[in-house]
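Trainee: Below is one structure. I have some questions about it.
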Amino acid sequence: MAHIVFVDSTVTGLNALQSAKHLGHEVSLIRPVSAPGFIDIMLKDPARLQPWLDLIDHDLPVETLEAWDLNPLLTRLAHEHPFDALLSTAESGILPVARAAERFKLRYPSLRALSNTVYKHRCRAILAQHAIRSPRFEVLGEQALAAGPRDIALPFVVKPTRGFAKQFSAICRKQADYDGYVRQLASQRQQSAAISSLVSHEYIIEEYVTGTLHSAEVIVRAGQVMVFASTTRYRAHYYDLLELAAVMPSGLDRESRAEIGRYLQTVFSALDIEIGLYHVELLMTVDGPVLVEINARMMGSVAPIMYQMLSGNDPFELLIRLHLGEALSVREDSLDTAGITLAVAARHGGVIRADYQAQQLARLLADYGIVHHTLQLAPGLPVARYEGNLSIMGHVICRDSDPTAVARKGHRFLCAMDQLTGLETAKYFA
């Protein structure tokens, strides 16, 4: 039996606690209680965490994930209950874990290599040094945003050098788009203070690249890249920044998948990454794959649940076994069926219709064969305008025979949700 310590978590990432217990391990959860962590931001209701705390061996609140708070806690824990792996499924925990893993000599990417990977501008600069296909970019501090980029022409993408869930990001096709982004940024930051504290105040502006959007779920071991799943991602037809759906398997042909694998091997080699599980987003362009970003964590939202439903493999067990140094044999299998994760969101915001009834949703879910969802609806409930994953009504997993069929099925479900809620949902087909 090993002792696995998780540092903060996403909501779906809490399933990793159960996976570790299923494998027979001792399990601890470290969660920040003063500075915001993902558990607090995503769960909202602390009572929802209690079943997970009842499952594990050690619940370890800590003021913040800064080294001055985290290191003393880990030192005491190492003395009382020696641990074998430090892991995180949340952006907030990735770099604190890397710092601590170096201190305690555990299997984990070096802090230097991981920082160069997750900070978008550092990653882009290293790819450019190695002549690896990547967009041109500039970096601006918050005070310099008003002046705009010097060398990157419209259209371009602007986003924090490190962030999550598309927060404080925009695609700018004309100057008015960029002017509006800069004008609204300060107030958006103030309205989301907890989120803002987790997002960098430097911004990368990079040229807009056209292509189909995909993700690759990657295990790196001894520097070798293994893609164990891939998706095709569908964006709102009215705004490319907003992702609405991910279809697994991707439907890409064998050569395209092989090309992605070769490209990602050059990327991770250039970044000097030796170990880890990563969620990578990239574009397939006419010239080949182009990196969007690397997330040093498990795939997001309910995607791990969909992967397990389709493949029979528990992705959290892969994560745990990788960091314990156990043998892994995993590849991107040809799946018999396809799945889609849908973000159900209101395009313009509004209020759920007053005559909405829970039974209606239950019937709709049954009609579409949906066995997992996170929808939370109520008559008269205010719903935010869709601006990213933090402003959705919930996620849904649909299944069908192949990637094309399940994408169409997902769109039909969103159209049905329009009638159910009285709101126009954001859609990926016009």
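Bear in mind these aren't lab numbers, they're just calculated from the coordinates by the rules spelled out. Owing to the predicted nature of the structure, the values given are computational and were not obtained by experimental measurement. So basically every Cβ, Gly included, is an ideal-geometry build from the backbone, and we count neighbours across all protein chains shown.
Trainee: Give the Debye-formula value of log10 I(q)/I(0) at each listed q (0.13, 0.22, 0.25 Å⁻¹), with one equal scatterer per alpha carbon of the stretch 136-207, two decimals each.
Mentor: With no solvent term, the Cα-only Debye profile gives -0.32, -0.95, -1.22.
Trainee: Right, another one. Among 324, 310, 352, whose Cα projects farthest towards the positive end of the dipole of the stretch 299-381, with charges put on the beta-carbon of Lys, Arg (+1) and Asp, Glu (-1)?
Mentor: Most positive-ward Cα: 352.
Trainee: Please give me, ordered by residue number, the GluC sites (Glu not before Pro) of the stretch 300-357 that lie in loop per DSSP and have at most 16 other Cβ atoms within 10 Å. Mind dumping the intermediate values first?
Mentor: On the way: sites: 317, 326, 332; in loops: 326, 332.
Loop-located and lightly packed - 326.
Trainee: Counting only helical runs of four or more DSSP H residues, what would the 222 nm mean residue ellipticity of the chain come to if each run contributes -39,500 (n - 2.57) and the total is spread over all its residues?
Mentor: Numbers: 14 runs with 151 residues, N = 430.
Calculated from helices alone, the mean residue ellipticity at 222 nm is -10500 deg cm²/dmol.
Trainee: Next question. Compute the signed sum of charges (Lys and Arg +1, Asp and Glu -1) over the other residues within less than 13 Å, Cβ to Cβ, of residue 237. If you can, show how the numbers build up before the last one.
Mentor: On the way: positive: 235, 347, 427; negative: 240, 243, 424.
Here the charged neighbours net out to 0.
Trainee: Which of 136, 363 has the fewest other C-beta atoms within 10 Å, and how do the rest follow up to the most? The partial results should precede the final answer.
Mentor: Values: 136 15, 363 12.
Fewest-to-most ranking of 136, 363: 363, 136.
Trainee: Among 187, 115, 301, rank each residue by its count of other Cβ atoms within 10 Å, from fewest to most, as a rough exposure measure.
Mentor: Working: 187 9, 115 18, 301 22.
Result, fewest neighbours first: 187, 115, 301.
Trainee: Say we join alpha carbon atoms closer than 10 Å with springs in a Gaussian network model of the chain; which of 238, 203, 307 then has the biggest fluctuation?
Mentor: Among 238, 203, 307, the largest mean-square fluctuation in the Gaussian network model of the chain belongs to 238.
Trainee: What is the distance in Å between the Cα centroid of the stretch 1-35 and that of the stretch 97-124?
Mentor: Cα centres, the stretch 1-35 to the stretch 97-124: 20 Å.
Trainee: Past the 25 Å Cα-Cα mark, which pairs from 174/409; 120/427; 166/427; 120/166; 21/105? Show your work: numbers first, answer last.
Mentor: Values: 174/409 34 Å; 120/427 28 Å; 166/427 17 Å; 120/166 13 Å; 21/105 23 Å.
Pairs exceeding the cut-off: 174/409; 120/427.
Trainee: Treating only the Cβ of Lys, Arg, Asp and Glu as charged (+1, +1, -1, -1), what charge dipole size does the stretch 136-207 show about its Cα centre? Round to the nearest 20 debye. Provide the component values of the computation, followed by the final result.
Mentor: Working: 9 positive and 8 negative charges, 39 e Å.
It works out to roughly 180 debye.
Trainee: Modelled label-to-label distance, residue 147 and residue 177, 7 Å Cα→beta-carbon offset: nm?
Mentor: Spacing of the two 7 Å Cα→Cβ label points: 2.4 nm.
Trainee: Looking only at 303, 343, 176, which one moves most when the chain is put into a Gaussian network model with springs between Cα atoms under 10 Å?
Mentor: In this elastic network of the chain, the residue with the biggest mean-square fluctuation among 303, 343, 176 is 176.
Trainee: Still on this structure: Based on other C-beta atoms within 10 Å, arrange 425, 341 from fewest to most. All intermediate terms of the calculation are to be shown ahead of the outcome.
Mentor: Numbers: 425 24, 341 27.
Least crowded to most crowded, the residues run 425, 341.
Trainee: Taking the Cα atoms of the stretch 3-108, report the difference between the largest and smallest coordinate on each principal axis, in whole Å and largest first.
Mentor: 34, 31, 22
Trainee: With +1 on the Cβ of every Lys and Arg and -1 on the Cβ of every Asp and Glu, and nothing else charged, how large is the dipole of the chain about its Cα centre, in debye rounded to the nearest 20?
Mentor: Working: 41 positive and 46 negative charges, 136 e Å.
About 660 debye.
Trainee: While we're on this one: Taking the Cα centre of the stretch 328-430 as origin and charging only Cβ (+1 Lys, Arg; -1 Asp, Glu), how large is the dipole, in debye to the nearest 20?
Mentor: Details: 10 positive and 10 negative charges, 45 e Å.
It works out to roughly 220 debye.
Trainee: Going through the stretch 245-292, which trypsin sites (Lys or Arg not before Pro) have at most 16 other Cβ atoms within 10 Å and a DSSP loop state? It would help to have the intermediate numbers written out before the result.
Mentor: Working: sites: 254, 257, 262; in loops: none.
Qualifying residues, ordered by number: none.
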